[in-house]
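J.: Right, I'll just put the structure down here and ask away after.
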2 protein chains.
Amino acid sequence: MRATFMYSAGDVRVETAPDPVIQQPTDAIVRTVLTCVCGSDLHPYHSMDPGAANPMGHELIGVVEETGSAVTRIKKGDFVIAPFAFSDNTCVFCHEGFHTACVHGGWYGSPETGGLQAELARIPQADGSLVVVPGVDPATAGDSLLASLLTLSDVYLTGYHAAHMGRVEAGKTVTVIGDGAVGLSAVLAARQKGAERIILMGRHTSRTDLGRKFGATDVVAERGADGIAQVMDLTRGEGSHVVLEAVGHMPAYEQAYGIVRPGGVISRVGVPQYEDAPIGFGSLFGKNVTLTGGPAPVRAYLEDAIAQVLDGQIDPGKVFDVQLPLAETGEAYRLMDSRKALKVALHP
Amino acid sequence: MRATFMYSAGDVRVETAPDPVIQQPTDAIVRTVLTCVCGSDLHPYHSMDPGAANPMGHELIGVVEETGSAVTRIKKGDFVIAPFAFSDNTCVFCHEGFHTACVHGGWYGSPETGGLQAELARIPQADGSLVVVPGVDPATAGDSLLASLLTLSDVYLTGYHAAHMGRVEAGKTVTVIGDGAVGLSAVLAARQKGAERIILMGRHTSRTDLGRKFGATDVVAERGADGIAQVMDLTRGEGSHVVLEAVGHMPAYEQAYGIVRPGGVISRVGVPQYEDAPIGFGSLFGKNVTLTGGPAPVRAYLEDAIAQVLDGQIDPGKVFDVQLPLAETGEAYRLMDSRKALKVALHP
């Protein structure tokens, strides 16, 4: 099969690799219908040291080709969504809704599990991980439906997780920091949850325009102290009930605690590119601010989100602005890294 | 009147000071029935630089002596509890339940507002701040009832705030870090909220014994890595759903994120003696841990808590193990600083 590997920062190649095979009785092999590049793939694209080739990708919709002997719920021919982390969906943490902490779970993109920017993928814990899209034939489904279903593998439900953990609800003012695909997804999720006002902080007009379509009521292009002042002005000096932080860099976190209101919530889904940060009296504690978020347990939200996409309630696939064949995955990384593309879908 | 002042670290004196007077039409003057020393008073007791004398104390029950012209809800002769922060109880943040962020609120212990370890106190925003204890005459009420009512000024409701923000509920495993009066109060509040299991981390047997009376099901005396290992053993390796951190020093925070379970909550009410701390992938983010807490909006919880004390449902006054006359406030600080007293009540 053809699969994507990163050799070092900036060096992404699509190569011929052995077809994946069932290794555990709980595995399934899935043939990719659509995969894509994630904003988080750009972190190693900037910093990876040369070394062994690393398989890339963790977002996928596809058709089941083969199942292990212990797989009972998923069967050959099913059209499925694979969450970006696999999980058994039965352990104590899965039951509590935190599938990314599953005791039998894990991540794609290692030599052991392989990556999903590929023609075929091995999905561990297939019964727990994969969710069937009912009544849809990928061969005849439209591109926009497939794109929206693909976002349920990661990006939309990561934005949704931010809103869920941030306890967004009717009447709340929500500020989203970041106009990448996750930030825009967070805007859409905040609208779904009934936020009264949604302020989007971002400075790429083509992206913030999509943010407005998704439900943003205000856009703030300024950053840092100027951006904080703008949001405070927009909220009568009170600050935002909820801040959804979809960037992961320290300046975004500093903006977040600058604009959150007393008793408010900062919900992070941008993977933090820092370990230590201010949380004392002057930043979080004095204002009774709640800090939450983490890797989205996509699996927990998947059935409901599939229904919303099929009903036409949400159209998160609009975050894909470029379509490329899998052979051009390297170009997809370049376009996203240079911000010429918001998010690129890849067709095997 | 007699009032308490700190001159520098370790130097606390009870002196004659001018009686407080109404300064604003929203003020009231209250004659103290009972006041006390707070664990947080020990921070300046350790570190205060010599300088102007600072009035001390922020916990009080008393009888209203006089009210300003704009005070309508509170009247002379009322037996009241004064929360440790004053607030108007009408602003947007008070309505949202975060009275410690009141736009007209503030703290005691400055030269402007004075301290509450005194015979008389000026209470700003009296209508918003003070809550009447219905049907109780302090002259005939028993010592244990008065002690429990005094804890509603700060210590019990600070422990309650930890449990409230930590979303303690039936079926949860809760670990309380710290066996001071706030930690023990957090144990009692967690029991009130129906926690299934309450692990108390503390090493002073007389205190953890009271913790068991308040509802602790397990006591862990070890600290650091050993303490973390013990709690993980007690929770089948899963960790605690909720951690109530009632210390405020970095090792307590490190213990907290070491024992919290994926998707769990760390709720802090110990005033952090640090600003920066780990919150990245390796500490909070990777496990989807929620960090919450801050200065308790005691006023928000006061009516319900008064009813629980009067009904005999809770007896938080047991945290007072020493009673002294106000003249001996200096000795009260010494006893608490040397851990010979858990918490000292002061009688004018």
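The values are calculated or read from the model by the stated rules, or taken from the named source; none is laboratory data. The structure presented is a predicted model; accordingly, all values stated were derived computationally and were not measured. Every residue, glycine as well, gets a Cβ built from its backbone with ideal geometry; the counts of neighbours run over all protein chains shown.
J.: Strands (runs of 3 or more DSSP E) wholly in segment B:240-348 with at least 3 residues that are within 13 Å of chain A (Cβ to nearest Cβ) and surrounded by 21 or more Cβ atoms within 10 Å (Cβ to Cβ) - which ones?
T.: B:240-245, B:260-268, B:290-293
J.: Counting only residues that are in a loop (DSSP other than H, G, I, E, B), within 21 Å of residue B:347 (Cα to Cα) and among the hydrophobic types (A, V, I, L, M, F, W, C), how many does segment B:75-97 have?
T.: Total meeting the criteria: 1.
J.: Let me ask something additional. Among the numbered criteria (1) assigned to a helix (DSSP H, G or I); (2) not assigned by TED's automatic domain parsing to the domain that holds residue A:185, which one does residue A:104 miss?
T.: Evaluating residue A:104 over (1) assigned to a helix (DSSP H, G or I); (2) not assigned by TED's automatic domain parsing to the domain that holds residue A:185 leaves (1) as the failure.
J.: Which one of the conditions (1) surrounded by 20 or more Cβ atoms within 10 Å (Cβ to Cβ); (2) on the phi > 0 side of the Ramachandran plot does residue B:210 fail to meet, given that it meets all the rest?
T.: Checking residue B:210 against (1) surrounded by 20 or more Cβ atoms within 10 Å (Cβ to Cβ); (2) on the phi > 0 side of the Ramachandran plot, the one that fails is (2).
J.: Still on this structure, please answer the following. Confirm whether residue A:90 is under 20 Å from the mean Cα position of the chain (by Cα) and of a type outside the set (A, V, I, L, M, F, W, C). Don't jump to the end; show me each part of the working.
T.: Details: under 20 Å from the mean Cα position of the chain (by Cα): no; of a type outside the set (A, V, I, L, M, F, W, C): yes.
When the stated conditions are applied, residue A:90 does not pass them.
J.: If the requirement is being modelled with pLDDT of 95 or more, away from every other protein chain (no Cβ under 14 Å) and in contact with a helix residue (DSSP H, G or I) (Cβ under 8 Å, 6 or more places away or on another chain), which of these qualifies: B:130, B:146, B:120, B:116?
T.: B:146
Condition check ((1) assigned to a strand (DSSP E or B); (2) aliphatic (A, V, I, L, M); (3) over 18 Å from the mean Cα position of the chain (by Cα)) across all residues:
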site: B:3; (1), (2), (3): yes, yes, yes
site: B:13; (1), (2), (3): yes, no, yes
site: B:21; (1), (2), (3): no, yes, yes
site: B:35; (1), (2), (3): yes, no, no
site: B:46; (1), (2), (3): no, no, yes
site: B:61; (1), (2), (3): yes, yes, no
site: B:70; (1), (2), (3): no, yes, yes
site: B:73; (1), (2), (3): no, no, yes
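J.: Restricting to segment A:126-171, give me the number of residues that are in a loop (DSSP other than H, G, I, E, B) and either crowded, with 22+ Cβ neighbours inside 10 Å or of a type in the set (Val, Ile, Thr) (or both).
T.: Residues that pass the stated criteria total 9.
J.: Just to check your reading of the model, which residue among A:97, A:77 is farther than 20 Å from residue A:189 by Cα and not assigned by TED's automatic domain parsing to the domain that holds residue A:187?
T.: A:77
J.: Just one of the numbered conditions (1) free of Cβ contacts under 8 Å to residues at least 12 places away in the same chain; (2) within 14 Å of chain A (Cβ to nearest Cβ) is not true of residue B:205; which one?
T.: Only one criterion is unmet by residue B:205, namely (2).
J.: OK, next. Condition check: assigned by TED's automatic domain parsing to the domain that holds residue B:216, farther than 20 Å from residue B:132 by Cβ and in a helix (DSSP H, G or I). Does residue B:183 satisfy that?
T.: Yes; evaluated as a whole, the condition is true for this residue.
J.: Restrict the check to segment B:15-29 and report whether at least one residue is more than 21 Å from residue B:131 (Cα to Cα) and buried (at least 16 other Cβ atoms within 10 Å of the Cβ).
T.: Narrowing segment B:15-29 to residues more than 21 Å from residue B:131 (Cα to Cα): B:15-19.
Now narrow it down to the ones that are buried (at least 16 other Cβ atoms within 10 Å of the Cβ): B:17.
Yes: one or more hits.
J.: How about segment A:52-64: which of its residues are under 15 Å from residue A:35 (Cβ atoms) and either buried (at least 21 other Cβ atoms within 10 Å of the Cβ) or acidic (Asp, Glu) (or both)? Break it down stepwise before answering.
T.: We begin by selecting, within segment A:52-64, every residue under 15 Å from residue A:35 (Cβ atoms); these are A:55-63.
Within segment A:52-64, A:55, A:56, A:57, A:58, A:59, A:60, A:61, A:62 qualify.
J.: State yes or no: is residue B:228 more than 20 Å from residue B:155 (Cα to Cα) and either more than 19 Å from the chain's Cα centre (by Cα) or assigned by TED's automatic domain parsing to the domain that holds residue B:321 (or both)?
T.: Working: more than 20 Å from residue B:155 (Cα to Cα): yes; either more than 19 Å from the chain's Cα centre (by Cα) or assigned by TED's automatic domain parsing to the domain that holds residue B:321 (or both): yes.
Against the criterion (more than 20 Å from residue B:155 (Cα to Cα) and either more than 19 Å from the chain's Cα centre (by Cα) or assigned by TED's automatic domain parsing to the domain that holds residue B:321 (or both)), residue B:228 qualifies.
J.: Looking at segment A:101-108, can you tell me whether even one residue there is away from every other protein chain (no Cβ under 14 Å) and among the small types (Gly, Ala, Ser)?
T.: Checked segment A:101-108: no residue is away from every other protein chain (no Cβ under 14 Å) and among the small types (Gly, Ala, Ser).
J.: Determine, yes or no, whether residue B:198 is touching a residue at least 12 places away in the same chain (Cβ under 8 Å) and either under 23 Å from residue A:290 (Cα atoms) or outside the structural domain of residue B:310 (by TED's automatic domain parsing) (or both).
T.: yes
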